[in-house]
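Asker: Pasting a structure below so you can have a look.
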Amino acid sequence: MQAIVMTDTGGPEVLVPREVPEPVAGPGEVVIRAEAIPVLYPETQLRSGAFPMASPPPVVFGFQVAGEVIAVGEGVGSEYLGRRVVADTDGTGAYAESVRVRADAATPIPAGVTAADAAAVMMSGSVALALLEAAALTGSETVLVEAGATGVGAHLVELAREFGAARVIATAGGPDKMRRAKELGADEVLDHRDELWPGQLQEEQGRTIDIVFDSLGGTSAAALLETMTPGSGRMLSYGWLSGEPARVAAGDLIPHGLTLTGCSGPAWHGRVGRARAAILERVPALAPPVETILPLDRAAAAHELLESRAPLGKIILRPGPAR
């Protein structure tokens with residue numbers, strides 16, 4: 001079968017189409033015939049060497065896949081056969097025509113939801129739901145969503161009012177993404193390419209931010225503390241788009257009575273996993289999540305496109321010609 005092998009760490013050119021053996025389901029596993037494979041931003045970080053791979057190259061690349069279960073291993077019921085699912089791998093193996101995963105890592109795709117849409121929403125949407133649940137919104141609060149035009153941020157903007165936000169402020173990079181965040185439901189959008197953007201939140205007298213969904217990290221996180229509601233403001237930090245985690249220490253939070261929650265680690269990932277079915281049920285009500293579908297053998301081009309930061313929706317790989 002055809003697969004995309006990461007031959008080394010480096011640029012997109014290290015993702016090379018190759019013929020590899022078909023996977024065989026082991027105990028507790030299923031094999032999925034791939035229909036849609038999402039290209040995810042964290043994958044670019046692993047491919048480049050910014051973060052270490054669990055399995056060193058050469059290795060079949062990829063985190064997630066959507067498609068039909070075509071084989072089951074020992075201990076897995078036959079009812080899985082023919083089931084449409086979207087599933088996590090253990091960090092490798094998804095960029096392929098057939099993919100082996102743990103059966104308990106596969107979430108059924110609801111009727112009426114395409115494999116491409118399920119693949120596009122699964123990771124970012126389940127993270128957004130987990131963040132909104134953790135934020136415990138009260139119905140009267142103002143939230144700030146960083147990078148609110150794409151990925152997790154886009155779903156936060158879309159869903160914030162359902163979970164109790166009264167006002168949604170977003171940031172985005174450039175006019176196209178700012179316009180997109182507005183379309184998704186943001187009341188106000190700031191351009192986070194301007195290093196002084198946090199100061200714009202202080203321009204309206206008496207306005208404070210109750211919840212910050214921090215995906216940028218770096219120095220902007222500390223700059224936002226002055227804009228947050230004293231005594232109850234909370235920051236949920238889940239991303240490092242700036243290249244480093246939020247530069248916030250206990251000494252920065254305590255004088256203002258603020259809290260910072262680090263959204264990472266095994267317990268957090270379990271919470272995200274429990275949100276998968278719920279986000280797939282919401283797909284019909286969300287903005288169309290897929291921007292581009294490319295053949296599997298164009299994985300390197302897909303990574304180049306994603307790293308350009310131009311796409312507003314998800315890039316999907318599909319074995320065979322794009323349809």
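The values are calculated or read from the model by the stated rules, or taken from the named source; none is laboratory data. What you are looking at is a predicted structure, and each value in this text was computed from that prediction instead of being measured. We place every Cβ from the backbone using ideal geometry, glycine too, and count neighbours over all the protein chains shown. In case anyone asks, the SASA skips ligands and DNA or RNA and just uses the protein heavy atoms, side chains included. Shrake-Rupley method; radii C 1.70, N 1.55, O 1.52, S 1.80 Å.
Asker: Roughly how many debye, to the nearest 20, is the charge dipole of the stretch 4-91 about its Cα centre, given +1 on each Lys and Arg Cβ, -1 on each Asp and Glu Cβ, and no other charges?
Answerer: Dipole of the stretch 4-91, to the nearest 20 debye: 140 debye.
Asker: Quick one: with all protein chains in place, what share of the accessible area of the stretch 1-93 is carbon or sulfur, to the nearest percent (1.4 Å probe)?
Answerer: C and S fraction of accessible area: 54 percent.
Asker: A further question follows. Provide the net charge surrounding residue 119, with neighbours chosen by a C-beta distance below 10 Å and charges set as Lys +1, Arg +1, Asp -1, Glu -1.
Answerer: Local net charge: 0.
Asker: Quickly rank 78-85, 5-12 as a protection proxy: mean count of other C-beta atoms within 10 Å, highest first.
Answerer: Sorting 78-85, 5-12 by mean packing, highest first, produces 5-12, 78-85.
Asker: Would you please give the FRET efficiency between residue 208 and residue 278, computed as 1/(1 + (r/R0)^6) with r the Cβ-Cβ distance and R0 = 35 Å, to the nearest 0.05?
Answerer: Rounded to the nearest 0.05, the efficiency is 0.70.
Asker: Report the FRET efficiency, 1/(1 + (r/R0)^6), for residue 179 and residue 222, where r is their Cβ-Cβ distance and R0 is 25 Å, rounded to 0.05.
Answerer: 0.30
Asker: On to the next question. Which listed residue (159, 243, 253) has the Cα farthest towards the positive end of the charge dipole for the stretch 154-262, taking +1 on Lys and Arg C-beta and -1 on Asp and Glu C-beta about the Cα centre?
Answerer: Checking the options against the dipole of the stretch 154-262, the answer is 159.
Asker: In whole angstrom, how far apart do the alpha carbon centroids of the stretch 233-258 and the stretch 134-173 sit?
Answerer: If we compute the Cα centre of each part, the gap is 17 Å.
Asker: Please report the carbon-and-sulfur percent of the accessible area for the stretch 156-281; probe 1.4 Å, protein heavy atoms only, DNA, RNA and ligands left out.
Answerer: About 51 percent, which is the carbon plus sulfur part of the accessible surface.
Asker: Pull up the DSSP beta bridges for the chain and report the antiparallel fraction as a percent, rounded to 5.
Answerer: 55
Asker: Quick check for me: using +1 on Lys/Arg Cβ and -1 on Asp/Glu Cβ, what's the dipole size of the stretch 81-141 about its Cα centre, in debye to the nearest 20?
Answerer: Computed charge dipole of the stretch 81-141: roughly 260 debye.
Asker: Using only the Cα atoms of the stretch 148-271, build the gyration tensor, take square roots of its eigenvalues as a ≥ b ≥ c, and label the shape rounded, prolate or oblate: rounded if a/c is under 1.5, else prolate if a/b is larger than b/c, else oblate.
Answerer: Rounded is the answer for the stretch 148-271, as its axis ratio a/c remains below 1.5.
Asker: For the chain, report the accessible area per residue in Å² (1.4 Å probe, heavy atoms, rounded to an integer).
Answerer: 43
Asker: Net charge around residue 300, counting only other residues with Cβ within less than 10 Å of its Cβ (Lys, Arg = +1; Asp, Glu = -1)?
Answerer: Local net charge: -1.
Asker: Counting just the Cα atoms, what span does the stretch 163-209 cover along each of its three principal axes? Round to the nearest Å and put the largest first.
Answerer: Principal extents (Cα only, largest first): 30, 29, 13 Å.
Asker: With the contact rule set at Cα under 8 Å and sequence spacing of 6 or more, what percent relative contact order holds for the stretch 67-206?
Answerer: Worked out over the stretch 67-206, it gives 14 percent.
Asker: Taking the Cα centre of the stretch 224-318 as origin, sum charge times position over the Cβ atoms of Lys and Arg (+1) and Asp and Glu (-1), and report the length of that vector in debye to the nearest 20.
Answerer: 380
Asker: Continuing with the same structure: Mind ordering 137-147, 273-283 by average Cβ neighbours within 10 Å, highest first?
Answerer: 137-147, 273-283
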